[in-house]
Structures are given as structure tokens and as C-alpha cells.
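Here the structure is laid out as C-alpha cells; the discussion comes afterwards.
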Amino acid sequence: MVLSKTASQSDVSVHSTFASRYVRDSLPRFKMPENSIPKEAAFQIINDELMLDGNPRLNLASFVTTWMEPECDKLIMDSINKNYVDMDEYPVTTELQNRCVNIIAHLFNAPLGDGEAAVGVGTVGSSEAIMLAGLAFKRKWQNKRKAEGKPYDKPNIVTGANVQVCWEKFARYFEVELKEVKLREGYYVMDPVKAVEMVDENTICVAAILGSTLNGEFEDVNLLNDLLTEKNKETGWDTPIHVDAASGGFIAPFLYPELEWDFRLPLVKSINVSGHKYGLVYAGIGWVIWRSKEDLPEELIFHINYLGADQPTFTLNFSKGSSQVIAQYYQLIRLGYEGYRNVMENCHGNAMVLKEGLEKTGRFNIVSKDDGVPLVAFSLKDNKRHDEFEISDMLRRFGWIVPAYTMPADAQHITVLRVVIREDFSRTLAERLVNDIEKVLHELDTLPAKVTAKLALAEEAEAQNSSVKKTDIETQREVMAYWKKYVSERKSNKNKIC
Amino acid sequence: MVLSKTASQSDVSVHSTFASRYVRDSLPRFKMSENSIPKDAAFQIINDELMLDGNPRLNLASFVTTWMEPECDKLIMDSINKNYVDMDEYPVTTELQNRCVNMIAHLFNAPLGDGEAAVGVGTVGSSEAIMLAGLAFKRKWQNKRKAEGKPYDRPNIVTGANVQVCWEKFARYFEVELKEVKLREGYYVMDPVKAVEMVDENTICVAAILGSTLNGEFEDVKLLNDLLIEKNKETGWDTPIHVDAASGGFIAPFLYPELEWDFRLPLVKSINVSGHKYGLVYAGIGWVIWRSKEDLPEELIFHINYLGADQPTFTLNFSKGSSQVIAQYYQLIRLGIEGYRNVMENCHENAMVLKEGLEKTGRFNIVSKDDGVPLVAFSLKNNKRHDEFEISDMLRRFGWIVPAYTMPADAQHITVLRVVIREDFSRTLAERLVIDIEKVLHELDTLPAKVSAKLAIAEEAEAQNGIVKKTDIETQREVMAYWRKYVSERKSNKNKIC
């Protein structure tokens, strides 16, 4: 006699994942489940839920690299289990980091002798890099003030209001005051003249941005250097410059090699760059380079003994993966000057294609400059009926993620849409995007105008007809005012620049 | 007539990588090369150089995970191009992080109501987690002192001398004094009684370690809590506790659920754990959980608008990869409490196998306890002829990486070898390690004794023979003194606990 097993008792590995009970159960959200589940089920369930994330390659909001060659993917996977900080155990990986630091320092024209090792470190991103650079400035300034017998409890940094949020984090967490140079309509970067005016004896450094996140513009570091040199002569304060080249550091040396913004300017003491932006590596790698040993106070450096030699380290993070460092080295030697230059020229070419396509529609003002980070920032010529946020929302339907931002003070009335051109944004995609934007405009033209227009109409109507049933208009106004407040709060909360 | 092409002119893609000229050229170390090289060459050259790194799975120095299931590797590779911080664009990934935070908070018995969201965040590792927790304590304490009208410029933390180096980093970078409770021979963790004695009005918190890196021991957090409650009653200072559960946080709940060390103790306000240690994820993920909203000062949190809802963030790093967060969620739901318990029980078992094997040789004292982090720390009973550093060096020949450390103050004369048992360290490997250690001992027994023994013999000889040719002994002593200093400097530099 054959004993037949019922389905629920048969070996669970027989069930295909979608036939098993695991796709019927709700995934745990608050507490760990008591039992294990098969690995195939775990993989499938998570993979499927992640399908609802945006497609990284269509994420036009981000500067961060979203495509690398398969050979590099293989190197990344092979080193995914190497803990970068184990210098003793992985000496080659450590050596690769040191080579990257040297290569990038030379790219930035650091004043190094032949065979002299550069001063710098790999970080998880520009946030960590900026915090380390800021810490170095803060400590140097404190030591100088202590030696002069002056108070050192109120350090500040001078920068533009267009800074990325990590500067605000640095200021808040490390107790440094942020003195921001306000923007104005048509001038969306830090004005060097105003910046130098704001410098006082408590200023630990002036931070210039090479590649503003808002419109991709490069700030005039050369002019800042000259003006600050003048002021330093008068005051004797010796205020230095830090260049936040998060985006621009891997663009300027290839597209604009004559532009003087790096260590060629004597007051520039440290530079940070994101390896994961135009360094063409996946998210998780940044670099900070100091001009020389003197610019990095010794007391901040921790010394670890490494293969009998001293390995100085200065990072906030300790354990982390090695993959991105190896990937950065791969890109540096794989591409070389020639390769990076080709990639940047392509990006620039595609940015121009997109810009011209948008100009042809006749509906947009182009806010970004041609030179700088390859991106296109544009705003509607007429945003009274529909604004840029609506365009951004409707583009999502096609799969595109194009963010809309309001400018920071004092240009908050300007809203822009911004498309970042990365290595993997081809001309075909640029042309397709223009098509889809035209479709969106077409559709919006047929829709009723948004809330504020309605309110304006209602106000107009009320002004003209002085005797109107008060209760109706009053109710309508209350509702409109509520929604207007809701919409503008949404807009102002989107003001965090990232 | 056939025009033959010379080899150097033929299409470079025809050459196999090892036939091409790229393996004859020296790789750039200081400057970028002018030209690109083919991607196969770039891959092969870097891959080959990395062969000389240690094998991560034989790296017995590290607590950090070195193996994950292939299904998880696939999830990791698929999300390698997702920038974690783009919450708007990747809402599911953000949701997964939130679920992990909630699960871990419940694992630590955070006092949460049903459906109440936990307060916590994913970080790059325990270093960032500890800095965030320390920042929160510092700001809370400063606000309290300001409100009381008392000076707030000299904050300090009380902890044991066995702390991991990231606490020293926190202290140095965030300008907090580190008050360390010294160890003593036989007692290698923080003594709660001494710790509470050291607490003063400037103490922002007392940091206890669940799973000391030196010998895996869990500190008695319960006793610390009770003593500190007493002291707080007398002084009214309200000093809180932070538990650094970098290793222990994913061990204690599964192996020792009765042990009270987490939010069940009222003074514990925040806990950090490394997802990349016994959370069983590759390097690059840590978690910090706060007891409640009140323990995280609002002014430290940045608010980013996310799909119309507020997403508060509090991290040092900004852009980073999403892979590790997704991998952590995979592990939590794949394994569940049952799976983690099985893994930890296996680790514990294999640690006992190793310990017994070492005890059987009769040459070692076991310094680690049976309970705690599954590791075996052991020192030679007699280290006058050869010391633990030599054993560590010789084991490298077999491929094993077993580190040797000297204890911090006041037990610097004790040196230990430490083997960490991770998930992927099977019983077979444990038995093999014992065999290889026996081989090493055997070999060392035949070698001449090390330098200091020679010096001792030389000193003895000099003491006995009053009249000895000064120049010879003098020279020999100088040489010996130089090498002795070199060796002991190596030893003391290895004192950085990591």
C-alpha cells in the first residue's frame, strides 16, 4: 500500500517559490520572525518588493554613478568580503588606496616632489571628506588662537547659501557657525567679493564649490584666492580656502585644464571630490587631499602599525567595504586622461542636445550655464497655471525621475527642474526625454490650472463683485487657503539641497 | 600581394591579455597615465595584484562577516548602483531600512507601543553609530547644563581602557574627554564600581561594552545600571548609559536571552550594533537605536521631504550604497530568531572545539571566557624563548591570519593571540588550525631563542665576568638594545585595538 503525502506535508523545497506559502505571508516589519525561511523565498520576496523602487539609471536627480563595466562589477563582487580597514591583512588593497590618493593629488596639482607621498585619504563620500577637512581647519585655527592667547570658542565657516546639506551637518555637529553668502536672482553661486567681506578673525576657512548642485556652475576660486590674499595681507589672519569639488574635481582637469581652481592657488589647503560622482564609481567613495603635511594637524591622525611600517589614518568610519576603492583604481588606470576626457566630452555634448531640445519648445528658461557640471537646469517661462513640481510628478509616469527645487535665500521664488547628465545618459535618452517633456506639457495644457490660480481667480472675482454671498466665497477661500498652505509647505520642505 | 601586419600593429583586441604589452608596463602609482587601456587588461592586472592580499575567509583577526549566501550576493549586486540617500527615488529601500531599525529595536526590548516606530538609523559601521550616539549625549548634556546656568565646555565619557579605537576618535574629534577605567591582570573589562566612581558632573554618559574586542567578554551592564542609579539618586546628575554592543548585540539575544543588558535597564538610552559583525552582513553596515524620541535632541535631526512625508535623518555620511541595508533585511527575514540562534550556537561550539584543542597542547593559557563573543584568546604559558608575535608570523605561512596583541594599561605585559569564530569557520577548519598551531610550536622549539633572551644571557654573562672586553660587549649591547627597542616598539604600536 502506498502512503500518499498531502501537499502540505511534502518537502518544502519541492514547491516553487511562488507556489509556496511564503508569498502568502506578510513580511515582518516590526519584529524578527521566529522561524527561518528558505533562501530562495527570501531572495524572491525582497527582489520583488524592490521592483517598486525607481530605476537607478533613469534617476536623473543624482550625480552618483549608476553604471560600471562588467569587468569592474566582477572585481567589486570578488572584494565584497574584504574589510577595508584591515590594512595588515589586505596590504594590496591599502596600497591601491594610497595610489589613488597620489594620483588624485597630482590631478589637483598638489605641490609634491618626485616620489613624495601625497597627504590624503579615501572616505565613504564627500560628507565624510568635508568633515575631515573641516576638522583639520578647526583644529589648526584653534591651535593658532591658543598660541596667540585669544578666544577660540566661536569658529565659523564662510560659504555660499548654495552649499550642499553636508556643510550644514558639519557646522551643526562640530559646533562651527555657518556664515552663508546669500544668492540673488540670476546669480546662484557664492559671490567672492561678499564672501571675503564676511571673513572675520574667527573664520577657520572659506569654502568654495566647484560645481554647485543647483545649477552646476563653477565658483570663481581664482578671484576668491586673489581677494582673500589681499585681505590676509591687511589683517594678518591667514584665512585659508577649501574647495568642495565633489562634482567638479573630476570634470575641470579634463574639460577645463586651464581653469585655475586647485592647489595652483596658494590659499587652497584642501580639496574634496566624490569618487562616486564623476569619478565614475558606484556610491560609497570620496577623497580628500591636503596640500601638505602642515595642513593636517598631527594630533588628529591615528597611527596604526602596519607590516612594521607606520600607517597613519584619519577617517570617521572604520570598517567598510573595499570594493569602491578597488573600483576607483580600476577606473583611473582603465580610462586614464584620455578616457575621462572622452566621457566628460560626451556628457557635455549630450547636455547641449538636451538644452537645445528644451529651448526649442519655447516654454523654458535655461538656468544652468554651458560650462560647469554637465547638467541642465530649467524653469518654466510661465508657471502660473502649472508649475515645475507638476511636470516633475508627471514625468514619473514615463519612468523618468526629474527633481524640482526652489532656490535657497534670497531667490526662493525661483523653481527649477534639473537633469544631471551622467556617463550612461546617451544622446538617444536625451532625445527621448525631450519628447516626453513635450508630451507632459501638452497634457498639462489641457488640465485645469492649479490651486493658486483658482485662488487668484476667486480673489479677482470677489474684488469685482463686492456684494457676493459671503458664506460661499468664505468657505471656498478657506479651502483654497488650506491647500495653498499645504502646497507651499511641500515646496519649502523640498528646499533641502541634496 | 598580401600586406602582412606586424604584431605591434594588429588589433589589440586580438591579443590575449597576457600576450599584450599591458602586462609589461608598470602600473601607474603616482600619476594618471595619458591613455586608456582595454578593460580586460585593467581587470586582469588589478585582479592579479589583489591575489597577494590575505584570504578574507582565513582572516581570523576580524569579527566582520566574510561569507553570505549566493542569493544575497545577487541582491547585493542588483542594488550596487542605488544611492541609499535618494529616499525619494528608492522608497522601498528606505522602507527596508526602517523595518530593520524596528526589528533591531524590538530585539533590544526598546519600550515601544504596538505599531510605534522605533528611533534609530542605519550607519556605515559602529564607528559612525557611536559618534551619533555620543553627539546625542553631548548635546543633551549641554542643553541641560545651559538650562542650569552651569559651564558646559568640559564634557567627558567614562569607559574602560579596553574600548575600541573609535571611542578615542569620537573623543578627539568631538572634543570630549575620555576617562578610562584601567584594566588589571585577570580582569580585562571595565570594572563597574570604578567606573561609577569616576563619574562627575561633566560626564555625558558611561559607555559599557557588550563583547570586548580583546577577549570577547560581556561587561556587567546590569551591575553598572544599579550602581549608577544609586549615584544618580545622591547627585541628581542623571548620568545615562550607552551600550557598545558592536559584537554582542546579535549574540546575547540569541544565546543569552536572560541576560539583562539592553533597554530593559532603565538607564540605557542608546545601543549600537555592527550589522557587519554577528549581524552576518558584509562590511559597511551598523545600527544605532535610541530608547525613545526624548533621547535624540531634535536639533541634531535634518528633515528631508520625502514623498510628501517627513523623513528625519541623522547620519554623518550622505551618499552610500544600499546593498548592505538590503542584505541586512535579507538576513533578518531569512534566518529569523531560529536561524540566528543556530548560527550562534554553532559558533560557540566550534569555539569550544578550538579551545579544547589548544588546552590539550599544554602550552597555552586561555584568556577568554566561555560566555561572550565566540572567540578564543590565548597566551603562551612560557613566552621567554618565543612569544606570541612569532607564532602569529609563522601561522601566516599556512595562510592563517591570527593576530597577537598586548593588553592595554595596566596589563601591558600580557600578550594574547586571538581567533574570532565567525559563521563560516567550521569545525573542520578549527581542527586544522589546532594542527597547524602544533606544527608552529614544534618548529619554534627547534629555533634559537629570540632577541631579549639573548640580551638576558649577555647581561648575565657580564654580571658574572666583571672584566670583559668592553668594546665587544658594548657593541653587542648596542645592537641588542636597538633591536629590543625596535621589537618592543612594534609590540606597543600593535596596541591600537581594532
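The values are calculated or read from the model by the stated rules, or taken from the named source; none is laboratory data. Keep in mind it's a predicted model, so treat the numbers as computed, not measured. Cβ placement follows ideal geometry from the backbone for every residue including glycine, while neighbour counts extend to all protein chains displayed.
Points worth noting:
- Taking the listed residues B:L280, B:L307, the one that is at pLDDT 95 or above, within 13 Å of chain A (Cβ to nearest Cβ) and at positive phi is B:L280, with no other qualifying.
- Restricting the range A:267-284 to residues that are part of a loop (DSSP other than H, G, I, E, B), in contact with a strand residue (DSSP E or B) (Cβ under 7 Å, 6 or more places away or on another chain) and among the hydrophobic types (A, V, I, L, M, F, W, C), the residue that is farthest from A:N225 (Cα to Cα): A:A283
- Residue satisfying condition, being surrounded by 22 or more Cβ atoms within 10 Å (Cβ to Cβ) and touching a helix residue (DSSP H, G or I) at 6+ places or on another chain (Cβ under 6 Å), within set A:K138, A:K179, A:K82: A:K82
- Selection from the range B:61-88 of residues that are in contact with a Leu (Cβ under 9 Å, 6 or more places away or on another chain), facing chain A (nearest Cβ under 8 Å) and either within 18 Å of A:L58 (Cα to Cα) or part of a helix (DSSP H, G or I) (or both): B:L75, B:D78, B:S79, B:K82, B:D88
- Residue count for the range B:35-45 under the criterion of being touching a residue at least 24 places away in the same chain (Cβ under 8 Å) and in a loop (DSSP other than H, G, I, E, B): the result is 1.
- Criterion (of a type outside the set (A, V, I, L, M, F, W, C) and either within 7 Å of another protein chain (Cβ to nearest Cβ) or in a helix (DSSP H, G or I) (or both)) met by exactly one of A:K150, A:K138: A:K138
- Of the criteria (1) in contact with an Asp or Glu (Cβ under 7 Å, 6 or more places away or on another chain); (2) closer than 25 Å to B:E219 by Cα; (3) surrounded by fewer than 20 Cβ atoms within 10 Å (Cβ to Cβ); (4) in contact (Cβ under 8 Å) with a residue 40 or more places away in the chain, which one B:T361 fails: (2)
- For the range A:110-120, taking the residues that are surrounded by 17 or more Cβ atoms within 10 Å (Cβ to Cβ) and at the interface with another protein chain (Cβ under 9 Å from one of its Cβ atoms), the one that is nearest to A:V325 (Cα to Cα) is identified as A:A118.
- Helices (runs of 4 or more DSSP H) fully within the range A:388-483 counting 3 or more residues that are closer than 20 Å to A:S368 by Cα and modelled with pLDDT of 70 or more: A:388-395, A:427-446
- Residue, surrounded by the fewest Cβ atoms within 10 Å (Cβ to Cβ), within the range A:85-109, restricted to residues that are farther than 30 Å from B:V165 by Cα and in contact with a Lys or Arg (Cβ under 6 Å, 6 or more places away or on another chain): A:N109
- Scan the range B:33-74 for residues that are over 25 Å from the mean Cα position of the chain (by Cα) and either aliphatic (A, V, I, L, M) or within 16 Å of B:Q331 (Cα to Cα) (or both) and the total you get is 7.
- Residue within the range B:104-112 that is out of contact with any helix residue (DSSP H, G or I) (no Cβ under 8 Å at 6 or more places or on another chain) and under 20 Å from B:T213 (Cβ atoms) present: no
- Considered as a group, the residues in the range B:321-374 that are among the β-branched types (V, I, T) and not in a loop (DSSP other than H, G, I, E, B) include one that is farthest from the chain's Cα centre (by Cα), and that residue is B:T361.
- Condition check for B:L210 on (1) in contact (Cβ under 8 Å) with a residue 40 or more places away in the chain; (2) more than 27 Å from B:G113 (Cβ to Cβ): one failure, at (2).
Residues are listed down the side, and each one gets a yes or a no for (1) buried (at least 21 other Cβ atoms within 10 Å of the Cβ); (2) closer than 21 Å to B:A449 by Cβ; (3) in contact with a Cys (Cβ under 9 Å, 6 or more places away or on another chain):
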residue	(1), (2), (3)
B:K384	no, yes, no
B:S392	yes, yes, no
B:G399	no, no, no
B:A411	no, no, no
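- Options A:L224, A:L265, A:L228, A:L210: the member that is under 20 Å from the mean Cα position of the chain (by Cα) and buried (at least 18 other Cβ atoms within 10 Å of the Cβ): A:L210
- Scanning the range B:252-262 for residues that are farther than 17 Å from B:A105 by Cβ and either surrounded by 24 or more Cβ atoms within 10 Å (Cβ to Cβ) or without any contact (Cβ under 8 Å) to a residue 12 or more places away in the chain (or both) gives a single hit, B:E258.
- Qualifying residue in the range B:46-54 (condition: in contact with an Asp or Glu (Cβ under 8 Å, 6 or more places away or on another chain), at the interface with chain A (Cβ under 7 Å from one of its Cβ atoms) and assigned to a loop (DSSP other than H, G, I, E, B)): yes
- Taken over the range A:89-109, the criterion of being of a type in the set (A, V, I, L, M, F, W, C), touching an Asp or Glu at 6+ places or on another chain (Cβ under 7 Å) and more than 8 Å from chain B (Cβ to nearest Cβ) is satisfied by A:F108 alone.
- Residue that is modelled with the highest pLDDT [pool: residues in the range B:289-304 that are in contact with a Phe, Trp or Tyr (Cβ under 9 Å, 6 or more places away or on another chain) and part of a strand (DSSP E or B)]: B:I289
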